[in-house]
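What follows is one structure encoded as structure tokens, with my remarks underneath.
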Amino acid sequence: MQLKIKSPEDFWSGLMFVAFGIAAMYMSRNYPMGSALRMGPGYFPTWLGGIMTFIGAIVFGRSFYLKGEGLTAWSFRPLLVLVFSIAFFGVCLDEIEIGFVPSLLILIL
């Protein structure tokens, strides 16, 4: 039996979730875990990474059974606008030092 990807968007998004979840758990492995009542710094990223990995595995598995529309072409303009606006927000906060609220208003505009 040969598996065929029926939903490429679910395939790639599931793979991305699994990769980010594993990366979060890997990066938080040296932090103290603590318990549910006394959470340490590694508790949240480890559990969040595990949940992301679990959800990603479900989405990834569904990509072989549910029909999807397919992927569209990448739009680089929104990606560039997003990256530069967040970078400009950081520059307004650290270098120009105009404050959080004015920097946030500039970011929104």
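Normalised by the number of residues in the chain, the average gap of Cα pairs under 8 Å and 6 or more apart makes the relative contact order 32 percent. The phi torsions of the stretch 55-68, fed into the Karplus equation with coefficients 6.51, -1.76 and 1.60 and a -60° offset, translate into couplings of 5, x, 5, 5, 5, 4, x, 5, 5, 8, 10, 9, 6, x Hz, rounded to whole numbers, with Gly and Pro shown as x.
Under the classification rounded if a/c is under 1.5, otherwise prolate if a/b is larger than b/c and oblate if not, where does the stretch 58-106 fall, given a ≥ b ≥ c as square roots of the Cα gyration tensor eigenvalues? Prolate. Note on the chain: helix-only mean residue ellipticity at 222 nm, from DSSP H runs of 4+ residues weighted -39500 (n - 2.57) and normalised by residue number, equals -20000 deg cm²/dmol. Atom-type composition of the exposed protein surface of the chain places 72 percent of the accessible area on carbon and sulfur (1.4 angstrom probe). Arg29 to Phe54: FRET efficiency via 1/(1 + (r/R0)^6), r the Cβ-Cβ distance, R0 22 Å, to the nearest 0.05? Computed FRET efficiency for Arg29 and Phe54 comes out at 0.80. Residue by residue through the stretch 94-100, what is 3J(HN,Hα) from phi via Karplus (6.51 cos²θ - 1.76 cosθ + 1.60, θ = phi - 60°)? Round to whole Hz and write x for glycine and proline. Each residue of the stretch 94-100 in turn: 8, 8, 7, 6, 9, x, 5 Hz. Looking at the stretch 10-65, the trypsin sites (Lys or Arg not before Pro) that sit in a DSSP loop and have at most 16 other Cβ atoms within 10 Å of their own Cβ are Arg29, Arg38. A 1.4 Å probe run over the protein chains yields, for the chain, 81 Å² of accessible area per residue, whole-number rounding. Here the Karplus curve 6.51 cos²θ - 1.76 cosθ + 1.60, taken at θ = phi - 60°, turns the phi angles of the stretch 13-24 into couplings of 5, x, 5, 5, 4, 4, 5, 5, x, 5, 5, 5 Hz, with x standing for Gly and Pro. Take the Cα of Phe20, go 7 Å toward its beta carbon, and the backbone nitrogen atoms of the stretch 45-83 under 16 Å from that spot belong to 45-60, 79, 83. In the stretch 19-70, Cα pairs under 8 Å separated by at least six residues give a relative contact order of 36 percent. Restriction of the chymotrypsin sites (Phe, Trp or Tyr not before Pro) in the stretch 56-87 to DSSP coil positions whose beta-carbon has at most 12 other beta-carbons within 10 angstrom yields Tyr65, Trp74. Helix 76-91 axis versus longest C-alpha principal axis of the chain: approximately 40°, rounded to the nearest ten.
In summary, the convex hull built on the alpha carbon positions of the chain has an orientation-averaged projected area of 11.4 nm².
Under a 5 Å amide H cut-off, with hydrogens placed 1.01 Å from N, Gly34 pairs with Gly40 among residues at least 5 apart or on other chains.
The values are calculated or read from the model by the stated rules, or taken from the named source; none is laboratory data. This is a predicted model, so every value here is computed, not measured. Every residue, glycine among them, receives a Cβ derived from its backbone with ideal geometry; neighbour counts consider all protein chains shown. Quick note on the areas: whole protein, heavy atoms, side chains included, nothing else; ligands and nucleic acids left out. Shrake-Rupley method; radii C 1.70, N 1.55, O 1.52, S 1.80 Å.
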